[in-house]
């Protein structure tokens, strides 16, 4: 008897903690399509007024549907391994969550949100910290840990935290709270992640019919909120529409599921035409978000297949995705990374390969996609080298596709969106397994004055490999391609960008003998001031700055080195600059950077000639310019003769 009283007391305490003692009534089922196949018994119980029994039958339905199968991780951005041992990082996140220590943004670590969770806490005034709090991503870590350990602490705490979040963050609580908790991107993230989380926890003894009805009501509200509040443009709009489609495909039993599926497909059909240039590049001009957009479109197609609605996509939908993958291949280095143009960062090779594998499932007939998905074991290596994605302004010079190749990828683009930077002309150079000149990256996104100061540093034109006037940011990125030609011994790009009021920047890049690069910059117009052509190097390059010879060269002990030298015969000064690079959000490293400076005192065109010359060993190549005939308008014709270690090389462009 004493044992029964104790157990009853514990149950009452548990119900008080998670707040499950709520009434289930007829209105609780308003969000359910009771005519959906499989819900006949639920409908019967509702019609006879047995609402609690109806909820119990519905719980059993979902336990059979979701709890007996492998959780659906198909929509996750990062693949989830459910077969191996529990990842230590996942368990760390789950265990911290038990004590309300949440990691909302990876770079900042864990914060204590209090025993009585303070969902308005903003410990670092980076907007991402507070936005990502409301993505509730640690819920999935708790679920995965529960799945492996079977410890009910995780299920009990998840139920408590979900109800606590729903109670303390109702829509309309305040304008400030809605800005973070109900920003559509965060809502869509929850809608996506709650599906596999629910499927794991649903078999817990703590998961009651009462909580199921609360969960479904909350989930329905969030999914139904999105179609009327999509972002107006960009990748956010894609994420939100795709996740609404996923919600409708995953919960067809909910009353508005068909509307969600229809809405998601309509938006994606329209946006793929708006957001993807004819060359296949997503218009935000960030390689990271380009890849994310491919994932969005592919996952949406799979969700539609799941619902038998793939025919609702336009015939051009799949064709455009395939073109996007091919564009991505063209800006991919042998280590499966891409340039960190705009808001971009490095990705693990395994992550990129898994993306290619996912894409190959849709485009298995494409031998080049299969080649990248299999690390070259299947399919066909691309049978082309240098490539121009001319609409987006991504230009790739390459002499091969393997680690030993020389590859330079340059950006000369139209105006970009939020994730782009004022950086036309910047490039990354890969030689023989090493990226010598990573682009700056982004470091952070948005927040208070201090956070924005950190972001703005990385957005400066002068911290990219391009030309500046008085070290100011170029006022527009609107490059116009003038020449793109490829050949056996010479590839040529020439474009002009209206970088400043009264000053156009023309840059010509010559890939000579598939070995080295000449970069010819012209400052054209009436503007005057201090011109600078900037370069940055990898953090471990340990370069020598030869100011007398206007040259900089790396000193890697493996002999794989790079020389960058100004060949100007007029007055040019080499200066070291502050350099930093951010390979991941919130993390930065110091690195070498420098500039070749000269004055522009009148409306005459000023020119720079720089050589970017990879070399083997420790002996520095001796390079000079014998003669030149550079026209001083916006044309691209030139004739010059280089002397490299005593050998003459004549270069002519008509």
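The values are calculated or read from the model by the stated rules, or taken from the named source; none is laboratory data. All of these numbers come straight from a predicted model, not from anything done at the bench. Here the Cβ positions follow ideal geometry from the backbone for every residue, glycine too, while neighbour counts run over all protein chains shown.
Some points to look at:
- Scanning the stretch 257-279 for residues that are out of contact with any strand residue (DSSP E or B) (no Cβ under 7 Å at 6 or more places or on another chain) and surrounded by 18 or more Cβ atoms within 10 Å (Cβ to Cβ) yields 257, 260, 261, 263, 264, 265, 267, 268, 271, 272, 277.
- Residue 141, sole failed condition from (1) closer than 27 Å to residue 89 by Cβ; (2) surrounded by fewer than 22 Cβ atoms within 10 Å (Cβ to Cβ): (2)
- Looking across the stretch 396-416, the residues that are over 20 Å from the mean Cα position of the chain (by Cα) and part of a strand (DSSP E or B) come down to 396, 397, 398, 406, 407, 408.
- Number of the exception - residue 373 against (1) buried (at least 17 other Cβ atoms within 10 Å of the Cβ); (2) touching a residue at least 24 places away in the same chain (Cβ under 8 Å); (3) within 21 Å of the chain's Cα centre (by Cα): (2)
- Selection of helices (runs of 4 or more DSSP H) fully inside the stretch 110-173 by the criterion of at least 2 residues being under 19 Å from residue 220 (Cβ atoms) and more than 30 Å from the chain's Cα centre (by Cα) returns 152-168.
- Filter pass, residue 372 being at pLDDT 95 or above and within 26 Å of residue 269 (Cα to Cα): no
- Within the set 402, 448, 423, 456, the sole residue that is in the same structural domain as residue 584 (by TED's automatic domain parsing) and free of Cβ contacts under 8 Å to residues at least 12 places away in the same chain turns out to be 456.
- Test for residue 458: is it under 25 Å from the mean Cα position of the chain (by Cα), modelled with pLDDT of 95 or more, under 27 Å from residue 538 (Cα atoms) and not in a loop (DSSP other than H, G, I, E, B): yes
- Residue match in the stretch 467-485 (condition: assigned to a loop (DSSP other than H, G, I, E, B), buried (at least 20 other Cβ atoms within 10 Å of the Cβ), in contact (Cβ under 8 Å) with a residue 60 or more places away in the chain and in the same structural domain as residue 576 (by TED's automatic domain parsing)): yes
- Some residue of the stretch 84-92 being free of Cβ contacts under 8 Å to residues at least 60 places away in the same chain, surrounded by 14 or more Cβ atoms within 10 Å (Cβ to Cβ), outside any helix (DSSP H, G or I) and under 25 Å from the mean Cα position of the chain (by Cα): yes
- So residue 204, is it crowded, with 18+ Cβ neighbours inside 10 Å, touching a helix residue (DSSP H, G or I) at 6+ places or on another chain (Cβ under 6 Å) and not in a helix (DSSP H, G or I): yes
- Counted residues, the stretch 569-605 - those being part of a loop (DSSP other than H, G, I, E, B) and at pLDDT 95 or above: 10
- Test: residue in the stretch 537-550 that is in a loop (DSSP other than H, G, I, E, B), surrounded by fewer than 22 Cβ atoms within 10 Å (Cβ to Cβ) and on the phi > 0 side of the Ramachandran plot: yes
- Just one of the listed residues (347, 440) is outside any strand (DSSP E or B), within 22 Å of the chain's Cα centre (by Cα) and closer than 27 Å to residue 469 by Cβ, namely 440.
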